[in-house]
Amino acid sequence: LFRPQNVILRNESGVSLVVKSEPLNVRSFSAAALSSRRKFQFGRFEIEMQATRVPGLVTGFFLHRDSPRQEIDIEIVGNRSDHLLANVFYNPGQDGSKFDYGYRGAPTFIPLGFDASDATHTYAIEWDPWEIRWLVDNRLVHSRGNWDPTPIPNLPMMLHVNTWPTRSRELAGRLNQRALPAASAIRSISIDACLADTERPVDESMNSIMA
């Protein structure tokens, strides 16, 4: 379960997103997430963060919507924290279309040249109608054009960052419960993008757009 109590304000700056092992009736673990209040359609989305290296945990920074499901991902998985996992999901239709399965998904692991759990680094998604670009410390590490191999998501999406345990050993390895509690550290989030349903751009920080 994602719980507000697991988002911990750090004394120096930013927040920690904590994953705990605790009995919660329907779940055995609690996790943490931040989500934007607003939806965006194209722009640059950047985070300064230090991921976790615990196998079985995922640290994600991503844009997402449902009906139809579309998504652009940055993920750091606990058993391969020296890689960035870039992914895109695309479903066709207009707002409200009930296409919420992973119609087009194309995950790619990209070597970072460092361990994302050792220090804070900057990760960014640049999304426009023709291309998606993934950047690490202002260096382009991956890009995709339209239908290469997926269509570019074209509908407004919300921005999320989270740390959570996955059941998929194939994705992040077997969960190391002995290493819990564990946390990722988020220093800052910045957005330079257009708000949905308007031509007005927004250039804001984590305090004003994340809840």
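Only the coordinates and a few stated rules stand behind these numbers; no lab work does. For clarity, every value in this text was computed on a predicted model and none was experimentally measured. Please note: Cβ atoms are built from the backbone with ideal geometry, for glycine as well, and neighbour counts cover all protein chains shown.
Here is the figure for segment 16-31: residues that are among the hydrophobic types (A, V, I, L, M, F, W, C), under 18 Å from Val54 (Cβ atoms) and out of contact with any Lys or Arg (no Cβ under 7 Å at 6 or more places or on another chain) total 4.
Scanning segment 142-171 for residues that are over 18 Å from Ala51 (Cα atoms) and in contact with a strand residue (DSSP E or B) (Cβ under 7 Å, 6 or more places away or on another chain) yields His142, Ser143, Arg144, Gly145, Thr150, Pro151, Ile152, Pro153, Leu155, Pro156, Met157, Met158.
On inspection, Ser81 qualifies as of a type in the set (Gly, Ala, Ser), under 22 Å from Leu140 (Cβ atoms) and in contact (Cβ under 8 Å) with a residue 24 or more places away in the chain.
Listed by first and then second residue, the pairs linking a residue in segment 5-19 that is touching a residue at least 12 places away in the same chain (Cβ under 8 Å) to a residue that is assigned to a loop (DSSP other than H, G, I, E, B), with Cβ atoms under 7 Å apart and 6 or more places separating them unless they lie on different chains, are Ser16/Arg10; Val18/Pro181; Val19/Leu180; Val19/Pro181.
Yes/no matrix, rows are residues, columns are (1) surrounded by fewer than 21 Cβ atoms within 10 Å (Cβ to Cβ); (2) under 21 Å from Ala179 (Cβ atoms):
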{"residue": "Ile72", "(1), (2)": "no, no"}
{"residue": "His83", "(1), (2)": "yes, yes"}
{"residue": "Asn91", "(1), (2)": "no, no"}
{"residue": "Asp100", "(1), (2)": "yes, no"}
{"residue": "Phe109", "(1), (2)": "yes, no"}
{"residue": "Asp118", "(1), (2)": "yes, yes"}
{"residue": "Pro129", "(1), (2)": "yes, no"}
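Checking the conditions here, which among Gly43, Gly56 is in contact (Cβ under 8 Å) with a residue 60 or more places away in the chain, surrounded by 21 or more Cβ atoms within 10 Å (Cβ to Cβ) and on the phi > 0 side of the Ramachandran plot? None of the other options fit; the residue is Gly56. Identification of strands (runs of 3 or more DSSP E) wholly contained in segment 91-179 with 1 or more residues that are under 18 Å from the mean Cα position of the chain (by Cα) and either without any contact (Cβ under 8 Å) to a residue 24 or more places away in the chain or on the phi > 0 side of the Ramachandran plot (or both) yields 131-136, 139-145.
To keep it simple, each residue is scored yes or no on (1) within 15 Å of Ala172 (Cα to Cα); (2) out of contact with any strand residue (DSSP E or B) (no Cβ under 8 Å at 6 or more places or on another chain).
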{"position": "Ser21", "(1), (2)": "no, no"}
{"position": "Phe45", "(1), (2)": "no, no"}
{"position": "Thr52", "(1), (2)": "yes, no"}
{"position": "Thr59", "(1), (2)": "yes, no"}
{"position": "His64", "(1), (2)": "no, no"}
{"position": "Arg69", "(1), (2)": "no, no"}
{"position": "Asn79", "(1), (2)": "yes, yes"}
{"position": "Phe89", "(1), (2)": "no, no"}
{"position": "Phe99", "(1), (2)": "no, yes"}
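Scanning segment 53-81 for residues that are closer than 21 Å to Asp95 by Cβ, of a type outside the set (D, E, K, R) and assigned to a strand (DSSP E or B) yields a count of 5.
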